[in-house]
Amino acid sequence: MNPFDFLTQTLRIAIPYLFAASGGVIAERAGIISLSLEGYMLTGAFSATLGTFYSGSPWIGLLCGILGGLVFGLIHALATIRYRADQVVVGIAINLLAIGVTRFFLQLAFESSSNSPRIEGFGASAAARGFDNPLLWMGLLSAPVLAFFLYKTRYGLRVRAVGEHPDAAASVGISVARIRYLSVALSGMLAALGGVFLALDQHQFTDQMTAGRGFIAVAAVIFGRWDPVRAALACLLFAAAETLQIQLQGTEVIASQFVSMIPYVLTIIALAGVVGRAVPPAALGKTGE
Amino acid sequence: MTSQLREKFEEALFPPVVALLIALVCGDLLIMSYGQSPAAVYRMLLEGTWGNAYGFGQVLYKATALTFTGLAVSIGIRAGLFNVGAESQLAAGGFLAAMMGLALSPGVPGVLAVPLCMLAAAAGGGVVGAIPGVLKVKFGAHEVIVTIMLNFVVLALLNWGIANHLNVPETLHTTEIDAGAIPRLEAFIGAFHGSAANLSLLVAIVTAILAWFFLFRSRRGFELRAVGLQPDAAEYGGVSVGGVWFRALTLSGAIAGLGGINYVLGYKHYYEEGFAGGAGYLGIAVALVGRNHPLGVVLAALFFATLSQGGLAIHALVPKQMAEVLQGVVILAVAMSVPEVRRALRQSRRPVAA
Amino acid sequence: MTTPAPASTERGAYAIRMQGIDKSFGPVRANREATLEVVTGEIHALVGENGAGKSTLMRILGGLQKPDAGTLEVNGRDVTGWTTSDAIAAGIGVVHQHFMLVSTLTVAENIVLGEEPVSGGRFDEARANSEVEALSKETGLKVSADRRIADLSVGEAQRVEILKTLFRGARILVLDEPTAVLSPPEVRELWTVLRRLREGGGTIVLITHRLDEVIDISDTITVMRAGETVARLRTSETTPAQIAKAMVGRDVALTSRDEISALGASMPGGAGSTEFKASSDMSSALNVTELVVLGSRGTHEVDGVTLSIRPGEILGIAGVEGNGQTELIEALAGLRPCASGSIRLDGHDVTYKSVAERRSAGLSHIPEDRHRRGLILDYSIADNLVLGLQEAFSTRGMLNGANISSNAKRQIEAFDIRPPSAVLPARALSGGNQQKVVVAREMGREFSVLLASQPTRGVDVGAIEFIHSRLREARAAGKAVLLVSAELNEVLALSDRVAVMYRGRFAAVLPVAEATEDVLGEYMIGMKTDEAVA
């Protein structure tokens, strides 16, 4: 396999991670634990499929996907911010809810329990090898754009302040709840784009098609120490490992299961602080009583 | 005094009741979106679960696994810890139970083989639970993330073992165990014919009772709850907070692991990739709705098992996936109403005049 | 209440005027008809013990809380019930005790947060830095704009906090316990800054419970106690003793010192019969040598304390709070590691023993904070009565329910806990009865040494009397008691010897007969120190 093929395949695997990890970074930097990326992605994939199927346009699908992620993000925000529900529980509930809702409406809309009919996608030209897909470029840009947002804008400064020391932010008149609502909503939309990419790339929705990618993104967020660019690099690293594993399939060099463990093992090591402790935003998860 | 006890019950019972009502409303909307009558669907749901022996047997079978994982999560929460790893602990328990069942010769009598397999199951889950325990106590690594990540690692490890070494060709399961099988209920009550319910159910009930004794009657349980409520006061009371964390996560893992016997020893008699099937994650819901009390956990396990089996029963009218939506709604609604109810009750509560 | 006429009787001269402020949190009344009048251009000290209601009053001033009753005027304008942003806009700046700084952000980012300069959609970092540098130069508060808060010393962080309020145009500055975390040179620097701000026409409210500071820096003093304003004094016309008296004195039917002496004469080991000389190691129940305990920032919170207490003796520790008393008690109880020195209990070295081991060796401990440490609020009274003794109340790992309830029955009766119910959660009791549960548990069992930290804080008069008589009975029964209290009266009424703690050391150790409020006052505020051994 030539290096270029390796690169394109790595990118294709990485794009959903890149979107979802960016979503994870923005929510967690504002202090809201983001275990619901998987659910946002799945909702995004399904909404995009619906939108594309009925309109025939992947652009409409893309908008629908974002909308789906937004709705789930707002549910998450409402539960954790307004009702102060446990953030871990809510994250897991959102994931279960997303599986249930997509399955239910898959049945309702397409009378199938496994997959949707074929839909249009971006990047029809085989010669372009996926590089004519606007979502690929959006995914690649998501981390740098988010980094600019977080580190160079007023909004980003406030997000960082709210996630570290909400009382300090509140004491200078910043509305902590508003910043968090915005961040979680943005998180839902960004992660949903990861699902949109998957559905449009595979030209259909299949049941549970995100297959744990949301949790790889969570791992990337932690391994990237809550920094958009480092998280993106973690995504690329994980995707490269996966590509390698696909290439090695059947060669008996290393079992695929061991390669698939890499993101999680690295994250546990990072959390235990063996090489440079991963320190989360100080107020992460603390909206309860 | 009676009013104090009443408030305790109110605080425990209001959130699930509120959640149930919200779920009912959501269910109505979903059913109507499918053009069906809610009354008919709910009737069908009840008939298909508690209304006939097979359906009831399936409810019992599903409730068995959920009781184990629900108890596991509850023990953690009672100590102030969130074990999200029940899924892989359950799988690891099932795996080791199968390994033990395969290792024993067919001649070993059940009275010996079954306890040995159960021990193996608990050990499997316990080891997986001990890892986040050590990492938390020694390095301060947050148990939520570690247990989530460990789910993937452990499941991948087990999958590798099955796919490459232990499987029956063309399948993803082991051969049938030689010893340690637990009989199904149909062996005693003919009406349960065909249902997977088995005597693991009794083990689950005994575990729930033991968990109650442990939490509310033992010294270790007293200390565990103290750490969960007020770690500073527990430390003042001579309790080693780190020790409790480690033991709680290990015990939690062991209970989840023990749940593996339901499928492996009681139903299929082999380990199969993916048998846990979300029962670990649903254990969080069971603990939450059951308010972390063993009795509540058993009831909540029955509730979620009914919902899950009921989904299949109503499939002729509405997609079975409706049950999954409602599961999510119930968890969200309980999670949202717990702090609200507590706040409301605390606000109305005044110290008793001396 | 003594209210000398303010410098000017003209209404407009008041920067702050709070009158009849009432504020309750659930059953707790934090402020009761509290009054605060601060004249423009003065440094006004607001003093009082922990829980006197100072912080609540300041939270109301800063718009973080709304009063249940009363009025708030700032610069002559009625602003009762305003919001945080209103207060900031009106020039009120609050420097909180726990810094409101985001440690991962830079100095400049923290200072401009909420009012960030923006150019073309971007946060203008360069401008933020230059504005902060300019302000720093102008006010003489030296900071480097681009350093991260996490890398600053406490003193520097505090300067950032002050700059943060000045950046928002604060003319009325409220500082909540600003010196609690500062070293002496940093304190002197802060005073310079505050005086300069006053010269520039600024008004400063300083919350503190350190009397030396009050004397040092303030023009006027308001004293609060139990949510009420009890005195308003001119600093130039008062003495530390007067302030201390206003702070701690209260109309409680405390046994007077004469009565105790009379009692002591008839009691073994009582105050009247005690000879005051350092007891030898052999006969002492608690023996502490050169104990050093570090704080979270590596500071020496307890800095070489040596003491010994004989059976049948109460050693009282007086001192302004925050001088290492908490750390001393926690280290003795095993809740904090000792950096150096040793602790012997009945002759056995327990320096490195666990809490549980010390307990079973005969150490009892009434902790200063019953809500955090002393009780598990959701546990029943019966269960709280065995907290820390759970091992003794278990057989083969199972709690012995019968023993626990008979223990509860006995203790509830002996200590008059009301309502007399074993199953009620501790949360449901009044403060006095909660404390009785703690006292019953710690004193209703076999023990040889008792650490009693603030044993009557926040409890009613009846409970105070009750707890005091229990402490005396313990002494009579030959127990060694280490008493820490912010109530000077309490220390004087109960102790055989009194040690004064100041900045982590014993500034003096006196027999109670020689310990008058005036003498102790001088040691408490650091005007005198003997480097004593108790």
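The condition of being β-branched (Val, Ile, Thr) and surrounded by fewer than 21 Cβ atoms within 10 Å (Cβ to Cβ) does not hold for A:Ile33. Find all pairs meeting these conditions: Cβ atoms under 6 angstrom apart; at least six residues apart or on different chains; first residue within the stretch C:363-377 and at the interface with chain B (Cβ under 7 Å from one of its Cβ atoms); second residue acidic (Asp, Glu). Short answer, once both residue conditions are applied: C:Arg372/B:Asp232; C:Arg373/B:Asp232. Of the residues that make up the stretch A:205-221, is at least one of a type in the set (Ser, Thr, Tyr) and under 30 Å from C:Thr84 (Cα atoms)? No, every residue in the stretch A:205-221 fails to be of a type in the set (Ser, Thr, Tyr) and under 30 Å from C:Thr84 (Cα atoms). Highlighted here are the helices (runs of 4 or more DSSP H) found entirely within the stretch B:244-354 that include at least 1 residues which are within 14 Å of chain A (Cβ to nearest Cβ), among the small types (Gly, Ala, Ser) and within 23 Å of B:Val41 (Cα to Cα): B:294-313, B:321-348. Of the residues screened, B:Leu90 is one that is out of contact with any Leu (no Cβ under 6 Å at 6 or more places or on another chain), more than 14 Å from every other protein chain (Cβ to nearest Cβ) and either part of a loop (DSSP other than H, G, I, E, B) or in contact (Cβ under 8 Å) with a residue 40 or more places away in the chain (or both). Looking only at the stretch C:42-76, residues that are at pLDDT 90 or above, of a type outside the set (S, T, N, Q) and part of a strand (DSSP E or B) come to 9 in all. Tell me yes or no: at least one residue of the stretch C:72-83 is away from every other protein chain (no Cβ under 11 Å), at positive phi, out of contact with any Gly (no Cβ under 8 Å at 6 or more places or on another chain) and of a type outside the set (A, V, I, L, M, F, W, C). Yes, the stretch C:72-83 contains at least one residue that is away from every other protein chain (no Cβ under 11 Å), at positive phi, out of contact with any Gly (no Cβ under 8 Å at 6 or more places or on another chain) and of a type outside the set (A, V, I, L, M, F, W, C).
Looking at the structure I just gave you, is C:Val28 touching a residue at least 12 places away in the same chain (Cβ under 8 Å) and out of contact with any helix residue (DSSP H, G or I) (no Cβ under 6 Å at 6 or more places or on another chain)?
On the way: touching a residue at least 12 places away in the same chain (Cβ under 8 Å): no; out of contact with any helix residue (DSSP H, G or I) (no Cβ under 6 Å at 6 or more places or on another chain): yes.
When the stated conditions are applied, C:Val28 does not pass them.
Tell me which residues, restricted to the stretch A:256-289, are hydrophobic (A, V, I, L, M, F, W, C), surrounded by fewer than 16 Cβ atoms within 10 Å (Cβ to Cβ) and at pLDDT below 85. Scanning the stretch A:256-289 gives A:Val274, A:Val275, A:Val279.
Can you tell me which residues in the stretch A:47-76 are within 14 Å of chain B (Cβ to nearest Cβ) and surrounded by fewer than 24 Cβ atoms within 10 Å (Cβ to Cβ)? Selection gives A:Val71, A:Leu74, A:Ile75.
Is there a residue being touching an Asp or Glu at 6+ places or on another chain (Cβ under 7 Å), modelled with pLDDT of 90 or more and small (Gly, Ala, Ser) anywhere in the stretch B:90-101? The answer is yes; a qualifying residue exists. Taking residues in the stretch C:98-116 that are facing chain A (nearest Cβ under 7 Å) and over 21 Å from A:Val279 (Cβ atoms), and partners anywhere that are of a type in the set (Lys, Arg) and in a loop (DSSP other than H, G, I, E, B), the pairs with Cβ atoms closer than 9 Å and at least 6 places apart or on different chains are C:Gly114/C:Arg168. Farther than 30 Å from B:Asp178 by Cβ, surrounded by fewer than 24 Cβ atoms within 10 Å (Cβ to Cβ) and hydrophobic (A, V, I, L, M, F, W, C), is that true of B:Leu288? Spelling it out, it is not the case that B:Leu288 is farther than 30 Å from B:Asp178 by Cβ, surrounded by fewer than 24 Cβ atoms within 10 Å (Cβ to Cβ) and hydrophobic (A, V, I, L, M, F, W, C).
Among B:Phe213, B:Phe222, which is modelled with pLDDT of 95 or more, buried (at least 24 other Cβ atoms within 10 Å of the Cβ) and at the interface with chain C (Cβ under 10 Å from one of its Cβ atoms)?
On the way: B:Phe213 fails: buried (at least 24 other Cβ atoms within 10 Å of the Cβ).
Checking each option against the conditions leaves just B:Phe222.
The set of residues in the stretch C:123-145 being within 19 Å of A:Tyr151 (Cβ to Cβ) and loosely packed, with under 14 Cβ neighbours inside 10 Å consists of C:Ala126 alone. With respect to B:Ser74, is the statement that it is touching a His at 6+ places or on another chain (Cβ under 8 Å) and either surrounded by fewer than 17 Cβ atoms within 10 Å (Cβ to Cβ) or in contact (Cβ under 8 Å) with a residue 12 or more places away in the chain (or both) true? When the stated conditions are applied, B:Ser74 passes them.
Just to check your reading of the model, which residue among C:Ala69, C:Ala52 is away from every other protein chain (no Cβ under 12 Å), surrounded by fewer than 18 Cβ atoms within 10 Å (Cβ to Cβ) and within 15 Å of C:Gly227 (Cα to Cα)?
Working: C:Ala52 fails: surrounded by fewer than 18 Cβ atoms within 10 Å (Cβ to Cβ).
Just a single option satisfies the conditions, and that option is C:Ala69.
Looking only at the stretch C:60-94, count how many residues are touching a strand residue (DSSP E or B) at 6+ places or on another chain (Cβ under 7 Å) and aliphatic (A, V, I, L, M). Of the residues in that region, 9 qualify.
Can you go through A:Ser142, A:Ser183 and tell me which one is more than 10 Å from chain C (Cβ to nearest Cβ), surrounded by 22 or more Cβ atoms within 10 Å (Cβ to Cβ) and in contact with a Ser or Thr (Cβ under 6 Å, 6 or more places away or on another chain)?
Residue meeting the stated conditions: A:Ser142.
Would you be able to say whether some residue in the stretch A:212-220 is within 19 Å of the chain's Cα centre (by Cα) and over 23 Å from A:Gly68 (Cβ atoms)? Checked the stretch A:212-220: at least one residue is within 19 Å of the chain's Cα centre (by Cα) and over 23 Å from A:Gly68 (Cβ atoms).
For first residues located in the stretch C:289-301 and in a loop (DSSP other than H, G, I, E, B), partners that are crowded, with 16+ Cβ neighbours inside 10 Å and lie 6+ apart or on another chain with Cβ distances below 6 Å form the pairs C:Gly295/C:Glu301.
Of all residues in the stretch A:77-126, exactly one satisfies the criterion of being among the small types (Gly, Ala, Ser), surrounded by fewer than 20 Cβ atoms within 10 Å (Cβ to Cβ) and facing another protein chain (nearest Cβ under 9 Å), namely A:Ser113.
The values are calculated or read from the model by the stated rules, or taken from the named source; none is laboratory data. All figures in this text were calculated on a predicted structure; none of them were measured in a lab. Every residue, glycine as well, gets a Cβ built from its backbone with ideal geometry; the counts of neighbours run over all protein chains shown.
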